[in-house]
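Okay, so here's the structure we're looking at.
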Amino acid sequence: MICLTILSQIMAGAQTTQNINIEKNSNVIYSLNQNGTTWYVGGDGPGNFTRIHKAIDAASEGDTIYVFNGSYNESFTIDKSIILRGEDKETTKIIGGWQFTIVVKSNNVIIHSFTIDNGWDSSDNKYFGISIGGDNTTVYDNILTNNTKGISLGFSNNHFIFNNTFHGNGIILSDSYNNDIRNNILNGKNLVYLEDASNKIIDPNTSQVILVNCTNITVSGLYLLKTNVGVQLLNTNNCHIFNNIISEGVSGISLTYSNSNIISGNNISFCKYEDGIHIDFSSSNNFINDNIIEFDDAEVVRKCFANSC
């Protein structure tokens, strides 16, 4: 059960707001804003900021930044435990123009109700919508579009990612565990994240598959189009990935710390930035055969050992 309680009055300037709790599986994972301040960006209130990063600079731990409808052409880092809240996800837009639109470095950050778009830079090298490096981050009810990689979870844990809509990107992990990722839509289909699961068959009506600490999962008959990694395995063993079509993403299939998996009969094409099949770090005893891989800028199959490729 997901319980959201958000109590705040939208007033000009900075005001004290009441408590905000987010519950995960009926357990409060953290509580911010006990007696925090709300800072406003946009709108016409006296003293409101015009830039989000200026409000972040002014905020303290536990504060809320409320962003009124509008387009904000900026990229920024969140380095304190705050809530970043948009007025409406359809009309409150953060348009980045660098490798990262939002970088989260602090623990206990909440981001919700935005469109996050890295399309400000007209080059083809659009990158992360949200790059998360702090623990206990909650990201919900956002739209992520025009990003090479929508949300990146890097060497951090205990995240809650739900009710987001992705267009042409998705989620990617690097050594990230104990996450609750659910009810996300990518390209009109369900994005599937499983952790500590076994003996399951993935529904063909799926847009991306991420398996963490899993065993004996079957991924077959999927058409995975325009996602950052079609199928990602992290510390996952004895799975069967076969007869899938993966096209126009960043990478087709990625294995990290994953052993004794069978990858066969897949058709992988036009991975723009990385590899058709990427086998990373200490993965071993994986059986890979009869895959058809057409590539653009990427390697067909690359195997990396001990931090070097």
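Restricting the range 150-164 to residues that are surrounded by fewer than 24 Cβ atoms within 10 Å (Cβ to Cβ) and touching a residue at least 40 places away in the same chain (Cβ under 8 Å), the residue that is farthest from the chain's Cα centre (by Cα) is ASN158.
For the range 90-99, the criterion of being surrounded by fewer than 20 Cβ atoms within 10 Å (Cβ to Cβ), at pLDDT 95 or above and of a type outside the set (Val, Ile, Thr) is met by at least one residue. Checked against the criteria, LYS200 does not count as under 17 Å from GLY252 (Cα atoms) and of a type in the set (Lys, Arg).
At least 2 residues being aliphatic (A, V, I, L, M) is the threshold, and among the strands (runs of 3 or more DSSP E) wholly inside the range 34-127 those reaching it are 64-67, 83-86, 92-95, 100-104, 110-112.
Across the range 122-139, which residue is modelled with the lowest pLDDT among those that are polar (S, T, N, Q) and under 13 Å from GLY97 (Cα atoms)? Outline the logic, then answer.
To start, the set of residues in the range 122-139 that are polar (S, T, N, Q) comprises 122-123, 125, 131, 136-138.
Next, only the ones that are under 13 Å from GLY97 (Cα atoms) stay: 122-123, 125.
On the way: SER122: 48, SER123: 52, ASN125: 56.
Residue satisfying both the conditions and the ranking: SER122.
Name the strands (runs of 3 or more DSSP E) wholly within the range 212-298 that hold at least 2 residues that are outside the structural domain of ASN169 (by TED's automatic domain parsing) and crowded, with 21+ Cβ neighbours inside 10 Å? Before you say what the answer is, go through the steps one by one.
Numbers: elements: 215-220, 223-225, 229-234, 240-242, 245-247, 251-256, 262-264, 267-269, 277-280, 287-289, 292-294.
Filter on the range 212-298 gives 215-220, 229-234, 251-256, 277-280.
Taken over the range 175-186, the criterion of being free of Cβ contacts under 8 Å to residues at least 40 places away in the same chain and in a strand (DSSP E or B) is satisfied by ILE181, ARG182, ILE185. Inspect all residues belonging to the range 178-189 and state whether any of them is within 16 Å of the chain's Cα centre (by Cα), surrounded by fewer than 16 Cβ atoms within 10 Å (Cβ to Cβ) and among the aliphatic types (A, V, I, L, M). Yes, the range 178-189 has at least one match.
The values are calculated or read from the model by the stated rules, or taken from the named source; none is laboratory data. As the structure is a computational prediction, the values presented were derived from the model and not from experiment. Positions of Cβ are backbone-derived with ideal geometry, glycine not excepted, and every protein chain shown enters the neighbour counts.
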